[in-house]
Amino acid sequence: MSENLSPVESTQHKDFFDDVPANTVFVYERSCGEALWEDVIGKKSTSYFSLPDDNWVVSKESRKIGEWIEAYNNDENKIVGDILQRELDWGFDTKVRFFGKKSVVLETSWKSFLLHWDGFLALEDDCPILVKDGDIETGILFTGTGDILVINN
């Protein structure tokens, strides 16, 4: 494991992931997470709301694939997990990165995200972005109003 990653259970974010097995979700050290944000999301921003109009997350075609807020409020994780799994052909072992904002970047497997997406959104629900490691052809945006959008870069 990289020295830039810490298991979530040993960080300030542990309370959002009580039901997640140990060594499943990892948090990037702040400087490394910020560098990843700049490389993957964009250099001119610190959150979705400060992305410039020409940024890929904002400017590329997106489509709504579902909603997360009602499932979140009703503790129905399977609904959103099923939507994501149906819409994205990512293998369960695929590494994904959750960009809450420039200073909050986490990593887990696709399978773990499908099971525990609610912990990620409890941590940061104001337009976080999920991308597959090493491939930003597709991103997932979870809007603050509850929509799930797939962005095609």
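The values are calculated or read from the model by the stated rules, or taken from the named source; none is laboratory data. Please read these numbers as outputs of a predicted model, since none were measured by experiment. Every residue, glycine among them, receives a Cβ derived from its backbone with ideal geometry; neighbour counts consider all protein chains shown. Please note that ligands, DNA and RNA were not included when accessible areas were found on the heavy atoms of the full protein model with its side chains. Shrake-Rupley method; radii C 1.70, N 1.55, O 1.52, S 1.80 Å.
General remarks:
- Filtering the range 109-121 to residues that are closer than 28 Å to residue 43 by Cα and open to solvent by 10 Å² or more (accessible area, probe 1.4 Å) leaves 109, 118.
- Residue match in the range 3-14 (condition: touching a Leu at 6+ places or on another chain (Cβ under 6 Å), in a loop (DSSP other than H, G, I, E, B) and not aromatic (Phe, Trp, Tyr)): yes
- Residue in the range 2-14 that is surrounded by 14 or more Cβ atoms within 10 Å (Cβ to Cβ), closer than 22 Å to residue 143 by Cα and among the hydrophobic types (A, V, I, L, M, F, W, C) present: no
- Among residues of the range 80-106 that are within 17 Å of residue 122 (Cα to Cα) and open to solvent by 10 Å² or more (accessible area, probe 1.4 Å), those with a Cβ under 7 angstrom from a residue that is modelled with pLDDT under 95 and of a type in the set (Lys, Arg), sequence gap 6+ or separate chain, pair up as 103/30.
- Checking each residue of the range 43-51 against the condition of being crowded, with 19+ Cβ neighbours inside 10 Å and in a helix (DSSP H, G or I) gives at least one match.
- If you filter the range 63-73 down to residues that are more than 16 Å from the chain's Cα centre (by Cα) and not charged (D, E, K, R), you find that the one that is surrounded by the fewest Cβ atoms within 10 Å (Cβ to Cβ) is 73.
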